[in-house]
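*Asks:* The structure that follows is given in the form of structure tokens.
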């Protein structure tokens, strides 16, 4: 799936950069970001919200987080 | 559970707390405009261990141990402790090394740059401007795909190593306590004059270090990230924390009569503005390429990030070289050797930025 960004293991600010790049490309729709620290989870959520995306759901999977972002047309 | 300290109010509160505590540390004995300086304090620790012999800057600063252990406690309390290693440790070592060289040419890390300004030292303006330029250069690399790669999860005990080292230093200090007027106690060196001889009582330093370590781990307070996020994402979240710290320290300094505005005769500072500026360009670039200011690297080390710990060890080794090779500035100004090292550092960081990127 090309709407999934795997940012696990990446240090600050890489997860946010990857998310914002994907947001720029996608414009609207659904994005899934995988991160493995709470800090990255907060940072990605904060950055996406600032761009008008909604953090629809955050699932804790094993040792990481799956963040589902959405923006309607 | 929502992390309240990671909200806007949270980061402002943490910034204010750090500013007040830093100012109080000066009142209680730390050097002027140096309530907290991560670079200076790591340098003092290097001296206390005898890894450099600059007699005026030797003291095993408990604030640093507190930063790491406070973060360690917070990480465990909130189930965030996670041992991880493997994201280009050697590169992080080099970045820590040169960050320290740059900071010691200016005479302070970003924390102290802000505290110097809050105390009326206008030379710090050049340092802060340099810091911003260094961070800006770093963001250009970040935009072009600079990336040190992923870390991976590892054994819990790996993440314990750095906090245990800090605890060992503390134990070392208890068994080799300061003896007034003596330059050495057991294996540890203690400055009898100069900045290293100025310090708040051990338990106050340690206590404040623990509080700041705890709060900073929860809030992700970072003095480099503060400026980087404004440039890179136009995000002011962390910046609010830094500004709050500056304002709180300024107000406290006014109240405590610690505000002395001017350029000349500022404590532990020099007026060679080109090198104040350039030193912080190097430090800012190195912090940005490593993903955190020196304080943040300590907090990350406390929550299990082995790569951040390698950065700190790089700073420690950098401090050793800085004083053994005469690279660090003094009140008299920057040294020729320091200026040469500065250029070597800038070239090294630029090479790291240019060559370590993923192609899109």
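*Asks:* Take the range B:235-276 and flag every residue that is more than 16 Å from residue B:122 (Cα to Cα) and under 22 Å from the mean Cα position of the chain (by Cα).
*Replies:* B:236, B:237, B:238, B:239, B:240, B:241, B:242, B:243, B:244, B:245, B:248, B:252
*Asks:* Return a yes/no flag: does the range A:46-57 have any residue that is within 20 Å of residue B:146 (Cα to Cα), under 11 Å from the mean Cα position of the chain (by Cα) and within 11 Å of chain B (Cβ to nearest Cβ).
*Replies:* yes
*Asks:* Which pairs do you get when a residue that is more than 13 Å from chain B (Cβ to nearest Cβ) and closer than 25 Å to residue B:306 by Cα, found in the range A:10-32, comes within reach of a residue that is in a helix (DSSP H, G or I) and modelled with pLDDT under 95, reach meaning Cβ atoms under 9 angstrom, with the pair 6+ apart or on two chains?
*Replies:* Within 9 Å, no pair qualifies.
*Asks:* Would you mention how many residues in the range B:167-182 are part of a helix (DSSP H, G or I) and loosely packed, with under 15 Cβ neighbours inside 10 Å?
*Replies:* Of the residues in the range B:167-182, 4 are part of a helix (DSSP H, G or I) and loosely packed, with under 15 Cβ neighbours inside 10 Å.
*Asks:* Sticking with this structure for a sec: Among the listed residues B:204, B:212, B:208, which satisfies the condition of being in contact (Cβ under 8 Å) with a residue 40 or more places away in the chain, buried (at least 21 other Cβ atoms within 10 Å of the Cβ), more than 30 Å from residue A:15 (Cβ to Cβ) and away from every other protein chain (no Cβ under 13 Å)?
*Replies:* B:208
*Asks:* Now for a separate question. Please determine, by comparing only the residues of the range B:1-51 that are crowded, with 23+ Cβ neighbours inside 10 Å and outside any helix (DSSP H, G or I), which one is nearest to the chain's Cα centre (by Cα).
*Replies:* In this case the residue turns out to be B:37.
*Asks:* Right, something else. Applying the selection to the range B:135-147, what residues are more than 7 Å from every other protein chain (Cβ to nearest Cβ) and at negative phi?
*Replies:* Across the range B:135-147, the qualifying residues are B:135, B:136, B:137, B:138, B:139, B:140, B:141, B:143, B:144, B:146.
Yes/no per residue for (1) assigned to a helix (DSSP H, G or I); (2) within 14 Å of chain A (Cβ to nearest Cβ):
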| site | (1), (2) |
| --- | --- |
| B:250 | yes, no |
| B:274 | yes, no |
| B:282 | yes, no |
| B:288 | yes, yes |
| B:292 | no, yes |
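*Asks:* Something else about it: Check whether at least one residue in the range B:320-334 is within 17 Å of the chain's Cα centre (by Cα), more than 26 Å from residue B:123 (Cβ to Cβ), modelled with pLDDT of 95 or more and assigned to a helix (DSSP H, G or I), and report yes or no.
*Replies:* no
*Asks:* Can you list the helices (runs of 4 or more DSSP H) lying wholly within the range B:79-161 that have 3 or more residues being surrounded by fewer than 24 Cβ atoms within 10 Å (Cβ to Cβ)?
*Replies:* Passing ranges, in order: B:89-106, B:123-143.
*Asks:* Okay, moving on. Going by what's in this entry, would residue B:60 be described as farther than 14 Å from residue B:281 by Cβ, touching a strand residue (DSSP E or B) at 6+ places or on another chain (Cβ under 7 Å), touching a residue at least 12 places away in the same chain (Cβ under 8 Å) and outside any helix (DSSP H, G or I)?
*Replies:* Criteria met by residue B:60.
*Asks:* Of B:263, B:221, B:175, which residue is over 15 Å from residue B:32 (Cα atoms) and either touching a helix residue (DSSP H, G or I) at 6+ places or on another chain (Cβ under 7 Å) or at pLDDT below 95 (or both)?
*Replies:* Of B:263, B:221, B:175, the one residue that is over 15 Å from residue B:32 (Cα atoms) and either touching a helix residue (DSSP H, G or I) at 6+ places or on another chain (Cβ under 7 Å) or at pLDDT below 95 (or both) is B:221.
The values are calculated or read from the model by the stated rules, or taken from the named source; none is laboratory data. These numbers were taken from a predicted model, which means no experiment stands behind them. So basically every Cβ, Gly included, is an ideal-geometry build from the backbone, and we count neighbours across all protein chains shown.
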